[in-house]
Structures are given as C-alpha cells and as structure tokens.
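Heads up, the thing below is written out as structure tokens.
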Amino acid sequence: MTEAKGEPRRLVVLRHGQTVSNLKGIWQGHLDHELTDLGREQAAAAARAIASLRPTRIVTSDLSRAHDTALAVAAASGDLDVAVDERWREIHAGAWQGLTAAEVGEQYPLDAERLVSGEDFKRGGHGESLAELAQRVRPAIDELVDGMGPGETVVVATHGVTGRTVVAELVGLEQQTAWRVLGGFGNCHWAVVEQGRSGWRITQWNASAEGL
C-alpha cells in the first residue's frame, strides 16, 4: 500500500454519471440504469480530475451506473482494483422507484410535502428512511476507514443521497441537518473528506471536472 507521509487520509465520495432516468427526473433508488453517452463522458472527465489526487483504491455500489463510473476512475488512476459492495447503493425509494418527481407529487402529495419539509420517513411506503440508509452504510464506512493506511486516498463511487449520507456520517453531522444544509450532488460531482487531528472534515463539496 502506498503511503504519503504528512498527508491526511482522504475519501473522495463520487456520484455516478448521468442516466436517462436522471434526465427525466425519475426516482431510481435500487433500479439498475446504465449511463448515457454524456454520463460516460462525465465519468471520464471526473476520472481524469480525481486521478490527480492519487487514489490507491476504489469501492463502489454494485449498481451499474456507479460501477461503470468507478471503472472509469480506476482506468485513469493506473488500473486500480475496484471493490463492489451493495451497501453503497442508493436509498431504496419503495413505490416511488420508476416515478418522476411530478408523479410522486401527484400520487403521494402528503409524502412529497414531508420530503420538502425535511422530515425523515420511509421513501415510497416500503423504502428506506435516511436513518435506515445511514444504518446500512455505516458498517461499510467503518470497514473502509479501518483499512486505510496513513496518507491514503480512497474513492467511493456511489449515488446522490447515499453520498451525502456517507459524508454526514464521517463528519458527525445529523442526517436531517445534512439533508437541509448540504446541496445535492450533480452527476459526477464529488466531495473530499479528510481526516485531521480533530476528526474528519469536508474540504470540497460538489466539486467537478472543468466543464461539467
């Protein structure tokens, strides 16, 4: 394992590239949708930018939109290994999966209002709440961090809501507060979280490659 003395341990939390469902405003959740041609271009551009941070490992959701984004980063960073783990999946959106935001608003008006107000609840009736998502991803975070060497940079290729949840867990930010105060990730945008003497802190949020 490569060590960079004097440098902090660093996680790059990366959202996947564009899918057709992203274009149409559809809730994807655990549905498995592939990247568009633009999404692949976004992944390649993000990969080139992230390569400058000298990552040593990549972990990814098993959903193809995140996995394919991870493969682009791996290729740009010297053919790194990519570890696949379903715990990094997007929040399960229950009956909302496959519906547009407008359709959710029409069919589930009370839940749509609860979502806007920042209330935490199971998405789509039988999906996950933010608290349940955090509970699902926390062991994956702990295992990853426990295995990181001094000065190591690891990329987590994941999804919008999950990415924000991961960052909040690392820095100790309450999940509903994170939902309210942190903007969402754009496609192939990322956050950088570094570990200092006082713990983890956000050093970049919603960063992107030039032109994205």
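The values are calculated or read from the model by the stated rules, or taken from the named source; none is laboratory data. Not measured: the values here are computed from a predicted model. Reconstructed Cβ throughout: ideal geometry from the backbone, glycine too, with neighbour counts over all protein chains shown. With ligands, DNA and RNA removed, areas are computed over all heavy atoms of the protein, side chains included. Shrake-Rupley method; radii C 1.70, N 1.55, O 1.52, S 1.80 Å.
Observations on the structure shown:
- The charge dipole of the range 29-133, taken about the Cα centre with unit charges on the Cβ atoms of Lys, Arg (+1) and Asp, Glu (-1), comes to about 420 debye, rounded to the nearest 20.
- Here the Karplus curve 6.51 cos²θ - 1.76 cosθ + 1.60, taken at θ = phi - 60°, turns the phi angles of the range 151-165 into couplings of x, 7, 10, 10, 9, 10, 8, 9, 10, x, 5, 5, x, 5, 5 Hz, with x standing for Gly and Pro.
- Separation in nanometres of the label points that stand 7 Å from Cα toward Cβ, at F121 and D81: 4.4 nm
- Per-residue ³J(HN,Hα) for the range 74-86, Karplus 6.51 cos²θ - 1.76 cosθ + 1.60, θ = phi - 60°, Hz, x for Gly and Pro: 4, 5, 6, 10, x, 6, 5, 5, 10, 9, 9, 8, 5
- At a probe radius of 1.4 angstrom, the accessible area of the chain per residue rounds to 46 square angstrom.
- In order through the range 193-206: 3J(HN,Hα) via Karplus (6.51 cos²θ - 1.76 cosθ + 1.60), integer Hz, x for Gly, Pro: 10, 10, 9, x, 5, 9, x, 7, 9, 7, 9, 9, 9, 6
- Convex hull volume per residue for the range 95-204, taking Cα atoms only, in Å³: 113 Å³
- For Q204, the residues whose amide H sits under 5 Å from its own are V192, ignoring neighbours fewer than 5 places away on the same chain, with H placed 1.01 Å from N.
- Legend: Rg and Dmax of the chain, from Cα coordinates, 16.6, 55 Å.
- Within-11-Å neighbourhood charge of V192 [Cβ basis; K, R +1; D, E -1]: +1
- With every protein chain in place, the range 1-116: carbon and sulfur % of accessible area (1.4 Å): 51 percent
- Kirkwood-type radius of the range 14-103, with distances r between different C-alpha atoms, in Å: 13.5 Å
- Helices in the chain, meaning DSSP H runs of at least 4 residues, each add -39500 (n - 2.57). Divided by all residues, the mean residue ellipticity at 222 nm is -12000 deg cm²/dmol.
- Pair-distance profile P(r), taking every C-alpha pair of the range 71-119, with 5 angstrom steps and integer %: 5, 16, 15, 16, 9, 9, 10, 12, 7, 1
- Considering the range 132-174 at the alpha-carbon level, its Rg and Dmax are found to be 10.5, 31 Å.
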